[in-house]
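The values are calculated or read from the model by the stated rules, or taken from the named source; none is laboratory data. These numbers come from a predicted model, not from an experiment. Using ideal geometry, Cβ is built from the backbone for each residue, glycine included, and neighbour counts are taken over all protein chains shown.
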Amino acid sequence: MFTTISSPSVPALPTDLFAAINDLKKDLNAVILAHYYQDPDIQDIADYIGDSLGLSRQAAQTDADVIVFAGVHFMAETAKILNPTKKVLLPDLDAGCSLADSCPPAEFAAFKAAHPDHLVVSYINCTAEIKAMSDIICTSSNAVSIVQQIPADQPIIFAPDQNLGRYVMAETGRDLLLWQGSCMVHENFSEKKIVQLQMEHPEAEVIAHPECEPSLLRHARYIGSTTALLKYAQRSEARAFIVATEPGILHQMQKDAPDKQFIPAPPMGSCACNECPHMRLNTLEKLYLAMKNQNPEITMAEETRVAALKPIQRMLEMSA
Ligand code: 13P
Ligand code: SF4
């Protein structure tokens, strides 16, 4: 006879995680919001999958009691800023973002203080502290339009993504003072290998996220947020695409257009380093445990939340 030794720190997981998560969803009156870079099984159990703008809108308007955020910390934090009476759970509290990390609040405060006449437009991929120091937030789907709505003689600081900033400069003809941050995932595509892939698949269109470097974006037939890339792939007459963003999005692309071919753009090395290591910290198991334990929960100082809310609301008004 065998003796089962059970450790209190490792709770047993149900055999059918999908069913268990759906049960917890009902019990908690919870909604699961997921970003396209999450593992396919997380996308499949989510109530809503979207880009940062879509996810923010969903978080603001939900009447669920609990928001389970399958994404990274700044996204869950934005949900809490927008809807503070809800409990916001993030399956893994370590799911950060290299871009958000590239803009430390103290250094950014000094940068801002050195340019007091500048309006601060910050990409949503930043911490609540940076949002609190910003005038308007933007996402990859509205950055161009938001900058276009600002009077032409108004100097602007754009933070933290220099690549999105350069893309906005090219699209608007505006001069922006750029914070030199970037995303470790989108900076890692190999231009050389993409050109090689294009020669092997001359029928394929390159589509890219604006967080990619300008040298890569110049090969793109279409540039947009994750949702915009997804919609473009559906409506384009092309039958094949080389996709320069985190490959998690291929799951929805393939589901929406099963007869088309989606080829992930290759990284510099031979690693899987175009998978966002932060996004991929979330797993179905951690999602279940977060719901069961109602933890890890996103919390923040009310003063920071109120200050960070203003520029997000401004964004939502400007992109209505
Ligand atoms: P989207 O808003 O386009 O989904 O971008 C989020 C992100 O983190 C891209 O790296
Ligand atoms: Fe941040 Fe880049 Fe990951 Fe997006 S892909 S969450 S910008 S590290």
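Here are a few things to note about the model shown:
- Selection from segment 295-311 of residues that are crowded, with 17+ Cβ neighbours inside 10 Å and over 24 Å from Pro91 (Cα atoms): Ala307, Pro311
- Residues (modelled with pLDDT of 95 or more, out of contact with any Asp or Glu (no Cβ under 7 Å at 6 or more places or on another chain) and in a loop (DSSP other than H, G, I, E, B)) located in segment 185-218: His201, Pro202, Glu203, His209, Pro210, Cys212, Arg218
- Picking from residues in segment 221-254 that are in a loop (DSSP other than H, G, I, E, B) and over 20 Å from the mean Cα position of the chain (by Cα), the one that is farthest from ligand 2 (Cβ to nearest atom) is Glu237.
- Look at (1) surrounded by fewer than 17 Cβ atoms within 10 Å (Cβ to Cβ); (2) farther than 30 Å from Thr15 by Cβ; (3) of a type in the set (Asp, Glu); (4) under 20 Å from the mean Cα position of the chain (by Cα) and you find that Glu211 fails only one, number (1).
- Contact annotation: residue pairs with Cβ atoms under 9 Å, 6 or more positions apart or on different chains, pairing a residue in segment 184-195 that is at negative phi and basic (Lys, Arg) with a partner that is within 16 Å of ligand 1 (Cβ to nearest atom) and not in a loop (DSSP other than H, G, I, E, B), are Lys193/Pro267.
- Of the residues making up segment 76-99, just one is under 24 Å from Asp63 (Cα atoms), small (Gly, Ala, Ser) and within 13 Å of ligand 1 (Cβ to nearest atom), namely Ala76.
- Test: Val206 is in contact with a Leu (Cβ under 9 Å, 6 or more places away or on another chain) and among the aliphatic types (A, V, I, L, M): yes
Listed here are the residues, each with its yes/no results for (1) within 16 Å of ligand 1 (Cβ to nearest atom); (2) over 30 Å from Glu200 (Cβ atoms); (3) modelled with pLDDT under 95.
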site	(1), (2), (3)
Met268	no, no, yes
Leu281	yes, yes, no
Leu284	no, yes, no
Leu289	no, yes, no
Ala301	no, yes, no
Thr304	no, yes, no
Ala307	no, yes, no
Lys310	no, yes, no
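- So Ser140, is it within 16 Å of ligand 1 (Cβ to nearest atom), in a loop (DSSP other than H, G, I, E, B) and under 24 Å from Ala95 (Cα atoms): yes
- Scanning segment 267-297 for residues that are over 17 Å from the mean Cα position of the chain (by Cα) and either assigned to a loop (DSSP other than H, G, I, E, B) or closer than 19 Å to Ile124 by Cα (or both) returns Met268, Gly269, Ser270, Cys271, Ala272, Gln294, Asn295, Pro296.
- Some residue of segment 127-135 being within 11 Å of Glu211 (Cβ to Cβ) and either modelled with pLDDT of 95 or more or in a helix (DSSP H, G or I) (or both): no
- Residues of segment 278-313 classified as within 16 Å of ligand 2 (Cβ to nearest atom) and of a type in the set (D, E, K, R), total: 1
- Residue, nearest to ligand 2 (Cβ to nearest atom), within segment 17-50, restricted to residues that are in a strand (DSSP E or B) and farther than 19 Å from Asp65 by Cα: His35
- Any hit, segment 230-240, residues being touching a residue at least 60 places away in the same chain (Cβ under 8 Å) and surrounded by 15 or more Cβ atoms within 10 Å (Cβ to Cβ): yes
- Residue that is farthest from ligand 2 (Cβ to nearest atom), among those in segment 147-189 that are small (Gly, Ala, Ser) and touching a Ser or Thr at 6+ places or on another chain (Cβ under 6 Å): Ala159
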